[in-house]
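Enquirer: One structure is given below, represented as C-alpha cells, and several questions about it will come after.
The values are calculated or read from the model by the stated rules, or taken from the named source; none is laboratory data. What you are looking at is a predicted structure, and each value in this text was computed from that prediction instead of being measured. All Cβ positions, glycine included, derive from the backbone under ideal geometry; neighbour counts span all protein chains shown. When the accessible area is computed, the model is the full protein with side chains, heavy atoms only, and any ligands, DNA or RNA have been set aside. Shrake-Rupley method; radii C 1.70, N 1.55, O 1.52, S 1.80 Å.
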Amino acid sequence: MRRFLFMLMACMAGYGCYAQSPVKKHHATEKTTIAPVGIVKNISDEALLDIVQRQTFRYFWGFGHPVSGLARERDNTVKANYYWDYINEADGQPNFSKGTFGPEACAIGGTGFGILSTIVAVNHGWIGRDTALKRLVKIVDFLIKADCYHGIYPHFMNGATGKTIPFGRLDDGADIVETSYLFMGLLSARQYFDSNTPLEKYFRNRVNDMWSAADWNWHSNNGNKKLYWHWSPDNDFDMNFPVFGYDEALITYIVAASSPTHPISKELYENSWVNGNGWRNGKSYYGIKLPLGNYDKGGPLFFEQYTYMGIDPNGLKDDNGINYAEQTKNHTLINRAYCIENPKKFKGYAANCWGLTAGDSFKGYVAHCPEDDRGVIQPTAALSSFPYTPEYSMQALKHFYYDMGDKIWGPYGFADGFSETHNWYAKTHLAIDEGPIVVMIENYRTGLIWKLFMNCPEIKQGLKNLGFTSKYN
C-alpha cells in the first residue's frame, strides 16, 4: 500500500548541536552551485554531518526539474520498477505491478521534502537565500497552474506540463497524503522566508493562496467516518482507501485539521485514524514497548520519519495517552535490535549496519521491515533516525561512509539501498528517501525545521483541535 511507499573546506565548518539560534539569513553571497565531495578521512563528526547533508541536498538542487523546479521522483525514472496496483483485495492491500514512469515524473511529496531541504541549505549558507527563493517561487508558480483537485495535488506530476501522471488504474487524481507532505514544506518555507522584500512577500502570498484552496474535507466524502487517501474526477472515491494507521500519515490529519478554510473535524480523526485498524500496539519487542502500530516489531522506519520531519515528537502527547517521543525512539530501537539479532543471517547486519524501511532493492521497490526482511539496508533508515538514536545513527553513518563508501557514496550522497548478501548496491536515489536524511539530521543538530513548522499558527491550532499538546503551545 502507499503507506509503504514510498565543498570540502566549507563542509568542515560544522554546527554544534543546539548550540545556536537555528535561523540565519544569508544575502551576501548568492551561491548557486554545490560541488560533490568524495570520501574525506580524519574529519570531525560535525564536518561529516555537513558533508552528508550537503551532498544529499544536491539531489533536489542540481537534479530538480529544470522547468518546474519540482523534485524528480527518482534518478532512474525511465525504467522505474514499480507502481501500485489496487485490486479490491479483502484486506485492502495493494499488489506490486511493474510499470514505467518517464523522465518527467516528479513527486509531490518528494517536492515538499525538497523544500524543507532547501531551507536547511540556505540556513547553512550552501546556497544563497535569494537564489533559493527564486527556485521556490518557480515551484509555487508552476503548482498554482498545475493539475489539482479541489486544491489537492496528485501523487506524481509531469514536471514539464503540470499534468497528472496516474499511479494506477483508479489512482489518477488527488492524493491527500502526498499533498500534506507538500504543505509541510511550503508552510515551513513561508515561516522561514519572512522578510518584507517584494519576492518574499510574493512567495508567502502564493503559499497562502494554495493553502486556502486545499479542501481537505472533500476527502471525507461528505461524512465524519473516514478520510480517504484518493479522489479522482473520473473514478470518484472508487479507490476506497481510507487513511488509517498508525503509519506515515499522521501528518495528513494534522495538516488537514490545521486548514484555515477547510479543516477536518476531530470526530473524523478519531473515527478514521485512532479507531481505525492498527492504531494501537502496546506489545514489547526486545524488552522495548511499542505504543502504536499493528506491524510486528513496528514496520518500516519511514513511519517515524515522514511526519516528524515537521512535527517535533519531543513533548508531544495526545488525549489518548500516547507519548510520541517514546513511539518514535522505541520503534527505531526495535528496528535496530532486530537487525542485530539478524534471524535470517544476512551478511553485513550489525550494530553499525542497520535500518529497514521502504526503498529500492534487488527485487524492485519494497517496504523492508522485520516482517518483510530481504537482506537490504536503506541508509536513509538509520540516518533519518538521528534525532532518536544519535549515537547509533552515527555508528551507522561512519560505517556507510568510511567502510562502504566506495560502493554506495556518490554525487547525491548514499545510494538508496544495498544487500551484501546478494552483492547488490543500488545506483538509484529517491526523493522521498533523500529528503529525510537532510531534514532529520538538521532537526537533530539545530531543531530548525521543527521550530519553523511547529510555530506555524495554523499547525498549533490544528494540533490543539485534535487533542495534542506540545512544548510549542
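Enquirer: Restricting to segment 214-234, give me the number of residues that are surrounded by fewer than 15 Cβ atoms within 10 Å (Cβ to Cβ) and either among the aromatic types (Phe, Trp, Tyr) or at negative phi (or both).
Expert: Count: 4.
Enquirer: Now for a different question. Need pairs with beta-carbon distance below 7 Å; first residue more than 21 Å from LEU116 (Cα to Cα) and within segment 452-472, second among the β-branched types (Val, Ile, Thr) and crowded, with 20+ Cβ neighbours inside 10 Å; sequence gap 6+ or separate chains.
Expert: Pairs that qualify, where the first residue is more than 21 Å from LEU116 (Cα to Cα) and the partner is among the β-branched types (Val, Ile, Thr) and crowded, with 20+ Cβ neighbours inside 10 Å, are LEU466/ILE254.
Enquirer: Looking at THR428, THR421, which is the one that is open to solvent by 40 Å² or more (accessible area, probe 1.4 Å) and among the β-branched types (Val, Ile, Thr)? Don't jump to the end; show me each part of the working.
Expert: Numbers: THR428 fails: open to solvent by 40 Å² or more (accessible area, probe 1.4 Å).
Within the list THR428, THR421, the selection yields THR421.
Enquirer: Right, here's the next one. Can you name every residue in segment 400-418 that is aromatic (Phe, Trp, Tyr) and either open to solvent by less than 10 Å² (accessible area, probe 1.4 Å) or not in a strand (DSSP E or B) (or both)?
Expert: Within segment 400-418, PHE400, TYR401, TYR402, TYR412, PHE414, PHE418 qualify.
Enquirer: If we keep just the residues of segment 266-295 that are of a type in the set (S, T, N, Q) and in contact with a Lys or Arg (Cβ under 9 Å, 6 or more places away or on another chain), which is surrounded by the fewest Cβ atoms within 10 Å (Cβ to Cβ)?
Expert: The residue in question is ASN294.
Enquirer: Now, a different point. Test of understanding: among ASP171, ASP141, ASP147, which residue is modelled with pLDDT of 95 or more and in a loop (DSSP other than H, G, I, E, B)? Can you show your working first?
Expert: Numbers: ASP171 fails: modelled with pLDDT of 95 or more; ASP141 fails: in a loop (DSSP other than H, G, I, E, B).
After applying the criteria, what remains is ASP147.
Enquirer: Still on this model: Within segment 35-70, can you find the residues that are more than 21 Å from THR428 (Cβ to Cβ), in contact with a Gly (Cβ under 7 Å, 6 or more places away or on another chain) and of a type in the set (S, T, N, Q)?
Expert: If the condition is that a residue be more than 21 Å from THR428 (Cβ to Cβ), in contact with a Gly (Cβ under 7 Å, 6 or more places away or on another chain) and of a type in the set (S, T, N, Q), then SER44, SER68 are the ones that fit.
Enquirer: Still on this structure, please answer the following. Examine segment 375-387 for a residue that is within 25 Å of MET309 (Cβ to Cβ), surrounded by fewer than 23 Cβ atoms within 10 Å (Cβ to Cβ) and of a type outside the set (Phe, Trp, Tyr), and state whether such a residue exists.
Expert: The answer is no; no qualifying residue exists.
Enquirer: In segment 132-146, what residues are touching a Ser or Thr at 6+ places or on another chain (Cβ under 7 Å) and open to solvent by less than 30 Å² (accessible area, probe 1.4 Å)?
Expert: Correct list: ALA132, LEU136, ILE139.
Enquirer: While we're here: Need pairs with beta-carbon distance below 8 Å; first residue within 25 Å of GLY375 (Cα to Cα) and of a type in the set (Ser, Thr, Tyr) and within segment 320-340, second surrounded by fewer than 17 Cβ atoms within 10 Å (Cβ to Cβ) and at pLDDT 95 or above; sequence gap 6+ or separate chains.
Expert: TYR338/TYR286
For (1) at pLDDT below 95; (2) open to solvent by 10 Å² or more (accessible area, probe 1.4 Å); (3) in contact with a strand residue (DSSP E or B) (Cβ under 8 Å, 6 or more places away or on another chain); (4) of a type in the set (Gly, Ala, Ser), each residue gets a yes or a no:
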{"residue": "LYS398", "(1), (2), (3), (4)": "no, yes, no, no"}
{"residue": "VAL438", "(1), (2), (3), (4)": "no, no, no, no"}
{"residue": "LYS451", "(1), (2), (3), (4)": "no, yes, no, no"}
{"residue": "ILE459", "(1), (2), (3), (4)": "no, no, no, no"}
{"residue": "THR469", "(1), (2), (3), (4)": "no, yes, yes, no"}
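Enquirer: Which of the following residues is part of a loop (DSSP other than H, G, I, E, B) and among the β-branched types (Val, Ile, Thr): ILE251, ILE311? Can you show your working first?
Expert: On the way: ILE251 fails: part of a loop (DSSP other than H, G, I, E, B).
So the residue among ILE251, ILE311 that is part of a loop (DSSP other than H, G, I, E, B) and among the β-branched types (Val, Ile, Thr) is ILE311.
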